[in-house]
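The values are calculated or read from the model by the stated rules, or taken from the named source; none is laboratory data. Predicted model only: the values in this text are computed from it and were never measured. Neighbour counts are summed over all protein chains in view; Cβ atoms, including those assigned to glycine, are modelled from backbone coordinates with ideal geometry. The protein model used for the area step is the full one, side chains on, heavy atoms only, and it has no ligands, DNA or RNA in it. Shrake-Rupley method; radii C 1.70, N 1.55, O 1.52, S 1.80 Å.
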Amino acid sequence: MRRSRYLMAAVALAVAVAVPVVTVEPNALRAAEVAPEHDLRVAVVGDSLSAGRSGFLGNGLDDESWMTYAQGDGIEYAGGWARAGATPDAMAAAVRPVGDVDVLVILAGTNAVRVGKSLDEERSAYERIVETVGARKVIVADLPPYRWRPEAAATYRTALQQFVTDEGWTWADPWTFARSGSSWADGVSTDGTHPAGAAEYRQLGEAFRSIILAVGTSTA
């Protein structure tokens, strides 16, 4: 194996009638990792938070790509699209179908907040991304703290969570390790928008790994 098997962080799964909500608790005791019956093929759509050090996911995974740390031992990176600065609308315009995807992970919205767009203006973009990729299950991730427009970010994330619930997708929070209240925890970010470096992207990737395995192996 490429590495020793990670132990999955215990996850709090609150399952409503329409949608599961997944949160990785950073201080939770670790439990045995759920082994999928086959490698889960995972597609990623997003912005600089997923694009890696080069700013474009098409250049390949690197030490600032969270998928670098999520893949392996039951998770196969299947492709997708992510570019620094992209809004959900730009992602929807650029992404292409990805074959045989078990789980799609969308991490998007910070740039919509940055340019002053509301969730109502970007709602159809998320729908187009999901329709284009064609995954069996869809995870939409919470936004990280955003130092520059915190109130607008809070409004967007609240609306996005409700939208995800209405669509029957999975809303997930991989950022519990990164937050202190509504702000970044000390040392996790240097610019108020992104994780500080490779170590923090590793934490993000391991959080996503737990979420993907929980969702991908669920029968719900």
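Does the stretch 206-213 include one or more residues that are within 16 Å of residue 66 (Cβ to Cβ) and either of a type in the set (Lys, Arg) or outside any helix (DSSP H, G or I) (or both)? Checked against the condition, which is being within 16 Å of residue 66 (Cβ to Cβ) and either of a type in the set (Lys, Arg) or outside any helix (DSSP H, G or I) (or both), the stretch 206-213 yields at least one hit. Among the conditions (1) farther than 27 Å from residue 60 by Cα; (2) not in a loop (DSSP other than H, G, I, E, B), residue 186 misses just one, which is (2).
No other residue among 172, 207, 141, 154 is touching a residue at least 12 places away in the same chain (Cβ under 8 Å), of a type in the set (A, V, I, L, M) and touching a Leu at 6+ places or on another chain (Cβ under 8 Å) apart from 141. In the stretch 48-71, the residues that are over 14 Å from residue 206 (Cβ atoms) reach residues that are polar (S, T, N, Q) and surrounded by 15 or more Cβ atoms within 10 Å (Cβ to Cβ) with C-beta atoms within less than 6 angstrom, at least six apart or across chains, in these pairs: 52/65; 61/68. For the stretch 29-46, state whether one or more residues are modelled with pLDDT of 95 or more, open to solvent by 30 Å² or more (accessible area, probe 1.4 Å), at negative phi and in a helix (DSSP H, G or I). So far as the stretch 29-46 goes, no, none of its residues is modelled with pLDDT of 95 or more, open to solvent by 30 Å² or more (accessible area, probe 1.4 Å), at negative phi and in a helix (DSSP H, G or I). I'm trying to understand the selection: among the residues of the stretch 144-164, which are open to solvent by less than 20 Å² (accessible area, probe 1.4 Å), under 21 Å from residue 116 (Cβ atoms) and at pLDDT 95 or above? Once the filter is applied, which keeps residues that are open to solvent by less than 20 Å² (accessible area, probe 1.4 Å), under 21 Å from residue 116 (Cβ atoms) and at pLDDT 95 or above, the stretch 144-164 yields 156, 160, 163. Among the residues in the stretch 119-126, are any in contact with a strand residue (DSSP E or B) (Cβ under 7 Å, 6 or more places away or on another chain), open to solvent by 10 Å² or more (accessible area, probe 1.4 Å), under 19 Å from residue 43 (Cβ atoms) and assigned to a helix (DSSP H, G or I)? No: the stretch 119-126 contains no residue that is in contact with a strand residue (DSSP E or B) (Cβ under 7 Å, 6 or more places away or on another chain), open to solvent by 10 Å² or more (accessible area, probe 1.4 Å), under 19 Å from residue 43 (Cβ atoms) and assigned to a helix (DSSP H, G or I).
Total residues in the stretch 55-101 satisfying the condition of being of a type in the set (S, T, N, Q) and either crowded, with 22+ Cβ neighbours inside 10 Å or within 13 Å of residue 45 (Cα to Cα) (or both): the figure is 3. Residues in the stretch 187-202 that are under 21 Å from residue 41 (Cα atoms) and either surrounded by fewer than 22 Cβ atoms within 10 Å (Cβ to Cβ) or free of Cβ contacts under 8 Å to residues at least 12 places away in the same chain (or both): 1 in all.
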